[in-house]
């Protein structure tokens, strides 16, 4: 799925093994508790419950570079958003919105009826995006994050409305390109 933003060509696609170093780099730039690189390798090559996605951009020299990543787990009828991040140089281009929508839709296509995730209490930008998609606070995980013992909010989206997700993520217009 290819789209243009800020006059650059982006592509949303499944994560591949060769994307793992860059996904880990984005994780490290985005979070104080990044996953080890081996965890991404496991998700891509071994975890049959994983649904992993990236956004890459066509660079001026013709090569593509991963600029956003997402890992979901589909467990029976639940989608758990394990991690999602956009490289700092590519934020505010709606890449996270498109990635979230694609991950939710891919999970829904595999039987996911609801979604959930944890988000830092202080991550107001992420919370605003999730609220737009219909996520609501279902609980708290006190002192969840090991680096500073910040609380996590447990958010749920129930039910998943694929038409609304397509619209919010701008995916409907991409399908018509």
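No value in this document is a laboratory result; all are computed from the given coordinates. Note that the structure is a prediction, hence the values are computed from the model and not measured. Using ideal geometry, Cβ is built from the backbone for each residue, glycine included, and neighbour counts are taken over all protein chains shown.
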key: Tensor-based shape of the stretch 95-151 (alpha-carbon gyration tensor, a/c under 1.5 rounded, otherwise prolate or oblate)   = prolate
inquiry  = I'd like to compare 103-109, 26-32: which one has the highest average count of other Cβ atoms within 10 Å, and what's the full order after that?
reply    = 103-109, 26-32
task = Can you tell me how much longer the chain between residue 148 and residue 4 gets when fully stretched, taken as 0.36 nm per residue apart minus their C-alpha distance, in nm with one decimal?
result = 48.0 nm
task = Divide by every residue of the chain the summed helix terms, -39500 (n - 2.57) for each DSSP H run of at least 4, and state the resulting mean residue ellipticity at 222 nm, rounded to the nearest 500 deg cm²/dmol.
result = -9000 deg cm²/dmol
note = Once residue 59 and residue 28 are pulled to full extension, the length gained, defined as 0.36 nm per residue separation minus their Cα-Cα distance, is 9.0 nm
message = Report the per residue volume, in Å³, of the convex hull enclosing the C-alpha atoms of the chain.
response = 113 Å³
Inter-part distance where the stretch 102-177 and the stretch 1-76 are each reduced to a Cα centre, Å = 17 Å
key: Inter-probe distance in nm under a simple model that places probes 7 Å from Cα toward Cβ, at residue 76 and residue 37   = 3.7 nm
request  = In nm, give the distance between the simple-model label positions of residue 16 and residue 156, each being 7 Å from the Cα along the Cα-to-Cβ direction.
outcome  = 3.9 nm
